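Right, one structure below, let's go through it.
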Amino acid sequence: MNKGEGRGGRISSNSDPESSLRVVISGASGGLGLSLAHYYLERGAHVAVFARRGELLQDLAGRFPGHVHCYVLDVRDAAAIQRAAQDYIERVGVPDLVIANAGVSVGTLTEYAEDIDAFEQVMDINVLGMVKTFQPFVAQMRSARSGTLAGIASVAGFRGLPGAGAYSASKAAAISYLESLRVELHGSGVKVVTICPGYINTAMTRINPYPMPFILEPAEAARRMARAIARQVPFAVIPWQMGVAGALLRWLPRRLYDRMFAHAPHKPRGLL
């Protein structure tokens, strides 16, 4: 931790290059999103936090007075995000960084009709929620010829994982969407960063009934992600060991992959 930073809500000095950042983070009331918010707030950034749990956002605002802008909303609600974006831009300015982090995960199996709703919700939040989070800011950032759009995808999007059809499909779609967006904005001054984390110790992963190699605590994951975003790398896998594992999985022939994962343990099915 650099001199001047603190975990108790203290703001770092203006010598930190991140202290003047204007940041927007979705899914910021817990887990990785909350850790990302803490990371930037501890460095003095002005952070807009989007989440459904307003009481948790207010707690964050109390710890960093004057630096947190709370917007209680659902990332499926495009109109609500557009209102929040307009309000933040009017109050603080065009953001330097928008992180589309909101996401959900639940075990799903196509054979069960009752899982159709879970498929729809996962795709709506993890993919369309990302689109809706970015959309109100793109034109303004393009006009400013600056800024970064960072999307949190997952190594789960590299191959289809058994029992996680909705989640794997949503993260594969997010990876492709972010690549399309990056190409669309090439030369505009706006950068697009795809972040593919492995396992992070959050409520989303604690129910997994299988080993989770190279698992990171949310604060460490947030630090590594922020470093990748600052470098504006187009594509980052965190931790790097999961990038190696993911590359090996992607190169496995389909027949071999099928045999290896046919009996792998599944994430529990449940309600979102």
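Of the numbered criteria (1) of a type outside the set (Ser, Thr, Tyr); (2) more than 11 Å from residue 196 (Cβ to Cβ); (3) not in a loop (DSSP other than H, G, I, E, B), the one residue 237 fails is (2). The set of residues in the range 177-217 being at pLDDT 95 or above and surrounded by fewer than 18 Cβ atoms within 10 Å (Cβ to Cβ) consists of 179, 180, 183, 184, 185, 186, 187, 188, 189. Checking each residue in the range 143-161 for being among the charged types (D, E, K, R), under 30 Å from residue 92 (Cα atoms) and touching a Leu at 6+ places or on another chain (Cβ under 7 Å) picks out no residue at all. Inclusion of residue 166 among residues that are more than 14 Å from the chain's Cα centre (by Cα) and buried (at least 22 other Cβ atoms within 10 Å of the Cβ) is warranted.
Return the residue satisfying two criteria in turn: it lies in the range 123-163 and is of a type in the set (S, T, N, Q) and under 17 Å from the mean Cα position of the chain (by Cα), and of such residues it is surrounded by the fewest Cβ atoms within 10 Å (Cβ to Cβ). It would help to see each step written out before you state the result.
Of the range 123-163, the ones of a type in the set (S, T, N, Q) are 126, 133, 135, 140, 143, 146, 148, 154.
Then keep just the ones that are under 17 Å from the mean Cα position of the chain (by Cα); that gives 126, 133, 135, 148, 154.
Values: 126: 27, 133: 26, 135: 13, 148: 19, 154: 27.
Selected residue: 135.
With the condition kept exactly as written, say whether any residue in the range 37-58 is closer than 22 Å to residue 205 by Cβ, assigned to a helix (DSSP H, G or I), at pLDDT below 95 and more than 17 Å from the chain's Cα centre (by Cα). Checked against the condition, which is being closer than 22 Å to residue 205 by Cβ, assigned to a helix (DSSP H, G or I), at pLDDT below 95 and more than 17 Å from the chain's Cα centre (by Cα), the range 37-58 yields at least one hit. Looking only at the range 64-117, residues that are crowded, with 17+ Cβ neighbours inside 10 Å, within 26 Å of residue 196 (Cα to Cα) and hydroxyl-bearing (Ser, Thr, Tyr) come to 3 in all. Of the residues making up the range 106-121, just one is among the polar types (S, T, N, Q) and part of a helix (DSSP H, G or I), namely 121. Residues that are among the hydrophobic types (A, V, I, L, M, F, W, C) and within 15 Å of residue 225 (Cα to Cα) within the range 189-204 comprise 192, 193, 195, 196, 200, listed in sequence order. Quickly run through the range 134-188 and pick out the residues that are touching a strand residue (DSSP E or B) at 6+ places or on another chain (Cβ under 9 Å), under 21 Å from residue 122 (Cα atoms), among the aliphatic types (A, V, I, L, M) and in a helix (DSSP H, G or I). Across the range 134-188, the qualifying residues are 155, 156, 166, 174, 175, 178, 181. Scanning the range 67-81 finds one or more residues that are among the charged types (D, E, K, R), touching a helix residue (DSSP H, G or I) at 6+ places or on another chain (Cβ under 7 Å) and touching a residue at least 40 places away in the same chain (Cβ under 8 Å).
The values are calculated or read from the model by the stated rules, or taken from the named source; none is laboratory data. From a predicted model like this one, the values you see are computed outputs, not experimental measurements. Please note: Cβ atoms are built from the backbone with ideal geometry, for glycine as well, and neighbour counts cover all protein chains shown.
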